[in-house]
Amino acid sequence: MAAARPARARALLQQSVSARLQVRPPEHGAEAQWVEIQRGLVIYICFFKGADEDLVPKIVDTLLNVKLSENENGEFVSVLELPGDVLIIPQATLGGKPKGRKMQYHANIEKEKGLELYSQFVTLCEKELAANAKCMEAGVLVKHGTYGNRQVLKLDTNGPYTHLIEF
């Protein structure tokens, strides 16, 4: 039996009733900056060493089309079919492995390459939702966090309803 190939990315999905993410902390008298979504999906994403541009479309297709959201009839549908907002959060801690009493992140991709893949991921998600007639008609939003920064998240969910998917 062949050894399993190591994961190249990991995504954590949570249903959202509403979510608010601080993308810039308050500084020098200026207020904090937030992005916000309503009903939809929060996607936390982490890329590992070995991830490349060819992987991004597969991840986007899977995450936007997996049937995790409940519609008004109680049927499970994708965020595209709902239609729902999407909040994308870069989450390097998804790549952590415990070693003793500490966490190590040796499998995570280099910061510059991770930023590049994250930017492509966000752009492709925006394009997919913009190309979907149901999402356009409903005024669906795609919002995202900033790569490489600590951020504050406020999330109301109709769960807990959390799924981890590896690529």
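The values are calculated or read from the model by the stated rules, or taken from the named source; none is laboratory data. Since this is a predicted model, take the numbers as computed values, not measurements. Note that we place each Cβ from the backbone using ideal geometry, even for glycine, and neighbour counts take in every protein chain shown. Calculation scope for accessible area: heavy atoms of the full protein, side chains included, ligands and nucleic acids excluded. Shrake-Rupley method; radii C 1.70, N 1.55, O 1.52, S 1.80 Å.
Among the residues in region 41-61, are any under 22 Å from GLY139 (Cα atoms), of a type in the set (A, V, I, L, M) and in a loop (DSSP other than H, G, I, E, B)?
no
For region 127-145, give me each residue that is assigned to a helix (DSSP H, G or I) and basic (Lys, Arg).
The answer is LYS127, LYS134.
If you check LEU117, LEU68, LEU94, which single one turns out to be in contact with a helix residue (DSSP H, G or I) (Cβ under 9 Å, 6 or more places away or on another chain) and not hydroxyl-bearing (Ser, Thr, Tyr)?
LEU117
Output the residues belonging to region 5-34 that are more than 14 Å from the chain's Cα centre (by Cα), within 30 Å of LYS67 (Cβ to Cβ) and assigned to a strand (DSSP E or B).
Those that are more than 14 Å from the chain's Cα centre (by Cα), within 30 Å of LYS67 (Cβ to Cβ) and assigned to a strand (DSSP E or B): SER18, VAL23, TRP34.
Only residues that are open to solvent by 20 Å² or more (accessible area, probe 1.4 Å), small (Gly, Ala, Ser) and farther than 18 Å from PRO6 by Cα: list them for region 57-107, please.
GLY74, GLY100
Looking only at region 42-65, decide whether some residue is of a type outside the set (D, E, K, R) and free of Cβ contacts under 8 Å to residues at least 12 places away in the same chain.
no
Quick check, is GLY114 open to solvent by less than 60 Å² (accessible area, probe 1.4 Å) and over 22 Å from GLN15 (Cβ atoms)?
For GLY114, the condition - open to solvent by less than 60 Å² (accessible area, probe 1.4 Å) and over 22 Å from GLN15 (Cβ atoms) - is met.
What's the number of the condition GLY29 fails, among (1) without any contact (Cβ under 8 Å) to a residue 60 or more places away in the chain; (2) open to solvent by less than 20 Å² (accessible area, probe 1.4 Å); (3) farther than 17 Å from SER119 by Cα?
GLY29 satisfies every listed condition except (2).
Mind listing just one residue for me: the one in region 35-56 that is charged (D, E, K, R) and within 15 Å of CYS125 (Cα to Cα) and, of those, most open to solvent (accessible area, probe 1.4 Å)?
ASP54
Which ones in region 124-162 are under 21 Å from ALA9 (Cα atoms) and open to solvent by 60 Å² or more (accessible area, probe 1.4 Å)?
Those that are under 21 Å from ALA9 (Cα atoms) and open to solvent by 60 Å² or more (accessible area, probe 1.4 Å): GLU126, LYS127, GLU128, LYS143, HIS144, TYR147, ASN149, ARG150, TYR161, THR162.
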